[in-house]
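Worksheet: one structure, shown below.
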Amino acid sequence: MRAEYLIEMYFSNGLSPEDQRELEDLLNKDEKLRSEFDFQLEVRAAIRKKEHKSLKKRLRRVESKASDKSSFKWLAAAAAIIILLGLTWYFGVSSKQNAYNGLYLAHFKTYPNVVAPIERSQINESPTLMQEAFYQYEHGEYEAAYGSFQKLYDREKSEYAAFYGGVSLMANGQYADAIVQFDRVQNGDNPEFEIASKWYLALAYLKLGDKSTAIPYLKAVQNSSHALRQEAAELLKELNSN
Amino acid sequence: MDKDNYYLEKLVEGDQIVLEKIYLAYRAEFLLFAGKINSDRDVVLDVYQDSIIALYENAQSGKLTSLSSSLKTYLFSIGKFKLYKLNKEAHRFTNEPPDMSYDPTEEDNLFGRDLNTERLALVEEAFDKLGKKCRQLLRLFYYRGFDLNEIKNEMNLANKNTVKSQKSRCISHLKKLINK
C-alpha cells in the first residue's frame with residue numbers, strides 16, 4: 001500500500017518534499033490512517049524520551065565531575081596547599097634567621113624617651129626639632145622620627161640623635177641602617193646610650209642572622225651596670241641553648 | 001574537520017563515551033558563549049546537555065549524516081536556538097540573530113501534532129513491558145530510522161516481509177499493553 005510505504009519512508013528519513021505532501025493528503029483523507037500514524041509518532045516520541053532520560057542522567061554525572069573540578073571546594077583546597085607550601089618554604093629557607101626572629105621579637109622594645117619628655121602644652125607652640133622628633137618617636141611615626149633625628153644629628157652630632165634614630169630604624173624594620181647609627185654611639189661620652197646601643201646592635205645582628213657578632217655585644221651589656229644587663233643575660237642563655 | 005567526522009561516525013555507532021568526551025571538550029566554551037544569552041548557569045548547563053543529546057539523537061536517527069561545518073558549530077547552533085527560544089518564552093527581549101527561522105532542534109512536529117506528556121509516559125511504560133526483540137525492532141525503526149532492509153540485516157531476519165509482519169505484531173501488542 002502506498003500509504004504504508006510513505007509512512008515507512010517518513011520514519012527512515014527518506015521522504016522527498018513531494019512525497020511528504022502526498023502523505024499529508026492521504027492522512028487528511030483517512031481518519032484511520034491518521035490515528036495509526038499518530039500512534040507511531042507517539043511510539044517514536046516515547047522511545048526518544050526514554051533515551052533522552054538515560055543520556056541526561058549520564059551527562060549530569062559527567063557534569064558533576066566536571067564542576068567539582070572547578071568548584072570552590074577544589075580551589076580552596078588547592079589554595080590551602082599552595083599557602084602551606086609557601087609557608088613551609090618561607091620558614092624552611094630562612095630557618096637560621098627565623099630561630100633568632102623569635103628571640104628578636106621577644107626582646108625588642110623601643111627605648112624610652114629619657115631625653116625630653118613631651119608635654120602636650122609644649123607641642124602646640126612652635127616645637128623644636130627635638131621635641132618634634134620625640135613626638136613622632138613616641139607616636140610610632142618611626143620613619144618621620146628617623147628623619148628628624150637625622151637632621152638633629154647633622155646639626156649637633158649628639159649621641160641621643162644617633163641612638164634614637166637607630167631605634168626608630170629598628171622599629172621600622174631597617175636593621176642594617178640602624179647598625180650604622182648605633183656604631184656612632186660607641187666610644188662616645190654617653191655610657192647609657194653606649195650600652196643601650198650595644199643591646200640594640202646585638203638585636204639587629206640577631207635579626208640579620210649573625211649570632212656570632214651579636215654575642216660579644218650582649219656580653220658587654222651583661223657585664224655593665226645598665227638596666228638592660230639582666231635581659232642581656234637571659235638572651236645569652238637563650239642563645240646558648242640554640 | 002577529520003576529527004569531527006570521526007566523532008560523528010562514533011556517535012552514529014552509538015558510542016556514548018565519545019559523547020562524554022565531546023561534552024567535556026566544549027563545555028567551558030559553551031558556558032562562556034551561552035552566558036551572554038542567559039546568565040543562569042543551571043539553565044545554560046541544562047540547555048548544553050539537551051543540545052548534546054540532540055546531537056546524539058540526530059546522529060542516531062540518521063538526520064545528521066555528515067557535517068557541513070564543524071561539530072562545534074552544529075552543536076552551538078542547537079544550543080543557541082534553544083536559549084533564544086527560552087528567552088522568548090520567558091518574554092525576555094533579547095537581540096535575536098537573524099538566522100533563527102530554521103529550527104535545528106525541530107522535533108518533527110511536521111503534522112502539527114503536539115504530544116501529550118501523560119500519554120507519552122503511558123506509552124513509555126507499556127514499551128518497557130515489551131519483549132526484548134520487539135523493543136529492539138521498534139527502536140531500530142523509530143529511533144534509529146532504519147529501513148526494512150537495514151532491520152532485516154541487523155536482526156538477521158529472513159526478508160522485508162518478515163520484518164513488516166513482526167513490526168505489526170509488536171505495534172498491536174504495544175497497543176494492547178497501553179489499553180490495559
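Each reported figure results from applying straightforward, stated rules to the coordinates on display, with no laboratory input. Given the structure is predicted, the values throughout are model-derived calculations rather than measurements. All Cβ positions, even for glycine, are placed from backbone atoms using ideal geometry, and neighbour counts span all protein chains on display.
Brief remarks on what is shown
- Taken about its Cα centre, the stretch B:117-179 carries a charge dipole of about 280 debye when Lys and Arg each add +1 at the Cβ and Asp and Glu each add -1 at the Cβ.
- Pairs exceeding a 27 Å alpha-carbon distance, out of A:Lys50/B:Lys164; B:Lys72/B:Lys132; A:Lys49/B:Lys164; B:Lys88/B:Lys175; A:Lys69/B:Lys85: B:Lys72/B:Lys132; B:Lys88/B:Lys175; A:Lys69/B:Lys85.
- Local charge for B:Leu148 was computed over the other residues whose Cβ lies under 12 Å away, with Lys and Arg +1 and Asp and Glu -1, and equals -1.
- Number of partner chain Cβ atoms within 10 Å, mean per residue of B:48-61: 3
- Rg followed by Dmax, in Å, when the protein assembly as shown is reduced to its Cα trace: 43.1, 126
- The charge dipole of chain A, taken about its Cα centre with unit charges on the Cβ of Lys, Arg, Asp and Glu (plus for the first two, minus for the last two), comes to roughly 1160 debye.
- Other protein chain Cβ atoms within 10 Å, averaged over every residue that makes up A:58-67: 5
- Only Lys, Arg (+1) and Asp, Glu (-1) charged, at Cβ; the stretch A:128-242 dipole about Cα centre in debye: 360
- Placing a label point 7 Å from the Cα of A:Ser54 along the Cα-to-Cβ line, the residues of the stretch B:119-147 whose backbone N sits under 16 Å from it are B:124-145.
- Gain upon complete extension [A:Glu143, A:Lys237; 0.36 nm per residue less C-alpha separation]: 30.5 nm
- Listed peptides B:49-56, A:32-39 by packing density, highest first (mean Cβ within 10 Å): B:49-56, A:32-39
- Proximal charge balance of B:Asp128 [Cβ under 9 Å; K/R count +1, D/E count -1]: +1
- 10 Å Cβ neighbours from other chains, averaged over peptide A:7-17: 4
- Each stretch of four or more DSSP H residues adds -39500 (n - 2.57); spread over every residue of the protein assembly as shown, this sum gives -24000 deg cm²/dmol at 222 nm.
- Estimated FRET transfer efficiency when R0 is 56 angstrom, pair B:Ser39-A:Gln230 (beta carbons, to 0.05): 0.25
- A:Val114 versus A:Arg21: modelled label distance in nm, points set 7 Å from Cα along the beta carbon direction: 11.4
- Each of B:Asn161, B:Ser61, B:Leu71 was scored by the projection of its Cα onto the charge dipole of chain B, and the greatest displacement toward the positive side belongs to B:Asn161; charges sit on the C-beta of Lys, Arg, Asp and Glu.
- Rough spin-label spacing in nm, given labels placed 7 Å along Cα→Cβ, for B:Lys133 and B:Lys21: 3.7
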